[in-house]
Ligand code: BGC
């Protein structure tokens, strides 16, 4: 892959957040020490997880978090994004675990940045029910009351777009529903939950609140009208549907009327001002007119009745997940956001960026991250207010429907012995952080 690797990475501003991200269900294990989530139920179904695995043990981070905090300290990140498991918080002593984790992070000089929901909904709850949003705000108040004396920066939700699309529309993630456009209420209720959580966090004294939304540029397969139209629609589903309500207080045209309840009143809650906006970026998507057939793309089968079809981005290196490597897509995305949202756009933090490759001498991952950090700097130079960058992920982990087959970690995990081995990319990132700190 062509990179500028070898030349020095430009300096980011002083105070820039450099971190890594994880999520509870993907690393914690200790499933018998918490209530079940929709992911436990989904995983138990036949053929759902490609390698037949479960997250019952995962990286056993629940019992090994001290070792993982030591890895963070040695890496030199100044922030760590993890998620709090709602099913664990509901269980006896569940909050004690996050209490210890936060204490250990603070002692190691690493700023804790918890995400309050990363897809592991308690199994008795359902995002199709409006009431789940209110339950979420209660849970958030509880967590903020316990951790808020040491945690200042919070993330409400992780990627409601993917959770809706993969979990409720296409059925390849928990809770495994294939509702297509009837999944939209799940999106609305998550957005409402986000707004109520922002209110709950502010009531608990928090002043540094964001969300982690997945976004990427949509490229039309051709200039033909049908392709451009289909790409526009896909862009609206991935980007506009989740960013417009938060940043502009409205849904894209034609969407609001598909949502349940008093949408206008809900939008006022959903648009509670954010202190920063988190973007998870992996790759752009190339989209064209429907092809009239079920298409398999990136491990997901897309039904023929969708009004668009996802196409391959040709001429690009792909990760072992088959995702194209397109660093400049990050610059394009961020400058596009700045142009679309203007003054309404709060400072940006990249809350996830990373790639799946096997092995511990992971030169491809180094090239991927190197390219994306430079692309981020170009967005900064173009005037986008970027305040942080988190690599997905610290550890190889339970990659949802892919099981343990896809490895995103800077640290290799042997899932038989649970031994952690830092990869070449871990050392590369540590050097980058040292160089940045030296000139901060
Ligand atoms: C999710 C992570 C996931 C990663 C790689 C993001 O969509 O937030 O949980 O592991 O992508 O697929």
- Item | Residue check, residue 364 within 16 Å of the ligand (Cβ to nearest atom), part of a helix (DSSP H, G or I) and more than 16 Å from residue 10 (Cα to Cα) | yes
- Item | Conditions (1) in a loop (DSSP other than H, G, I, E, B); (2) in contact with a helix residue (DSSP H, G or I) (Cβ under 6 Å, 6 or more places away or on another chain): number failed by residue 57 | (2)
- Item | Enumeration of residues in segment 411-426 that are assigned to a loop (DSSP other than H, G, I, E, B), over 15 Å from residue 26 (Cα atoms) and either touching a residue at least 40 places away in the same chain (Cβ under 8 Å) or in contact with a strand residue (DSSP E or B) (Cβ under 7 Å, 6 or more places away or on another chain) (or both) | 423
- Message: List the residue pairs whose Cβ atoms are under 8 Å apart, where the first residue sits in segment 347-361 and is under 15 Å from residue 414 (Cα atoms), the second is assigned to a loop (DSSP other than H, G, I, E, B) and within 15 Å of the ligand (Cβ to nearest atom), and the two are 6 or more positions apart or on different chains.
- Response: 357/319; 357/320; 357/407; 358/320; 358/407
- Item | Among residues of segment 413-426, those that are more than 16 Å from the ligand (Cβ to nearest atom) and out of contact with any helix residue (DSSP H, G or I) (no Cβ under 8 Å at 6 or more places or on another chain), counted | 5
- Query: For segment 26-41, does any single residue satisfy the condition of being under 29 Å from residue 386 (Cβ atoms), part of a strand (DSSP E or B) and touching a residue at least 24 places away in the same chain (Cβ under 8 Å)?
  - Reply: no
- Message: Could you go through segment 213-221 and let me know if any residue there is in a helix (DSSP H, G or I) and in contact with a helix residue (DSSP H, G or I) (Cβ under 8 Å, 6 or more places away or on another chain).
- Response: no
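To keep it simple, each residue is scored yes or no on (1) within 14 Å of the ligand (Cβ to nearest atom); (2) surrounded by fewer than 21 Cβ atoms within 10 Å (Cβ to Cβ); (3) under 17 Å from residue 102 (Cβ atoms).
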site	(1), (2), (3)
21	yes, no, yes
29	no, no, no
57	no, yes, no
67	no, yes, yes
70	no, yes, yes
75	no, no, no
79	no, no, yes
88	no, no, yes
- Message: Is it the case, given these coordinates, that residue 226 is surrounded by 20 or more Cβ atoms within 10 Å (Cβ to Cβ), over 21 Å from the mean Cα position of the chain (by Cα) and farther than 20 Å from residue 188 by Cβ?
- Response: no
- Message: Being under 28 Å from residue 409 (Cα atoms), crowded, with 18+ Cβ neighbours inside 10 Å and in contact with a strand residue (DSSP E or B) (Cβ under 7 Å, 6 or more places away or on another chain) is true for just one of 365, 311, 316. Which residue is that?
- Response: 311
- Task: Spot the failing condition for residue 393; the list is (1) more than 16 Å from the ligand (Cβ to nearest atom); (2) buried (at least 17 other Cβ atoms within 10 Å of the Cβ), and only one is missed.
- Result: (1)
- Test: residue in segment 153-175 that is more than 16 Å from the ligand (Cβ to nearest atom), within 20 Å of residue 277 (Cβ to Cβ) and either in contact (Cβ under 8 Å) with a residue 40 or more places away in the chain or surrounded by fewer than 21 Cβ atoms within 10 Å (Cβ to Cβ) (or both): yes
- Pairs where the first residue, in segment 205-233, is over 30 Å from residue 154 (Cα atoms) and modelled with pLDDT of 95 or more and the second is within 16 Å of the ligand (Cβ to nearest atom) and not in a strand (DSSP E or B), C-beta under 6 Å, 6+ apart: 219/284
- Item | So residue 359, is it under 20 Å from residue 324 (Cα atoms) and not in a helix (DSSP H, G or I) | yes
- Note on the structure: Taking segment 103-126 and keeping only residues that are in a loop (DSSP other than H, G, I, E, B), on the phi < 0 side of the Ramachandran plot and more than 16 Å from the ligand (Cβ to nearest atom), one is left with 108, 110, 123, 124, 125, 126
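Let's see how each residue does on (1) within 16 Å of the ligand (Cβ to nearest atom); (2) at pLDDT below 95; (3) outside any loop (DSSP other than H, G, I, E, B); (4) closer than 17 Å to residue 355 by Cβ:
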site	(1), (2), (3), (4)
371	no, no, yes, yes
378	no, no, yes, no
387	no, no, yes, no
407	yes, no, no, yes
428	no, no, yes, yes
432	no, no, yes, yes
437	no, yes, yes, no
440	no, yes, no, no
- Cβ-Cβ under 9 Å pairs, at least 6 apart or on other chains, segment 271-284 side farther than 22 Å from residue 371 by Cα, far side at pLDDT below 95 and away from the ligand (no atom under 16 Å from the Cβ): 275/207
- Counting just the residues of segment 176-192 that are free of Cβ contacts under 8 Å to residues at least 24 places away in the same chain and part of a helix (DSSP H, G or I), which one comes out nearest to the ligand (Cβ to nearest atom)? 183
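The values are calculated or read from the model by the stated rules, or taken from the named source; none is laboratory data. Keep in mind that this is a model prediction, so the values were computed, not measured. Please note: Cβ atoms are built from the backbone with ideal geometry, for glycine as well, and neighbour counts cover all protein chains shown.
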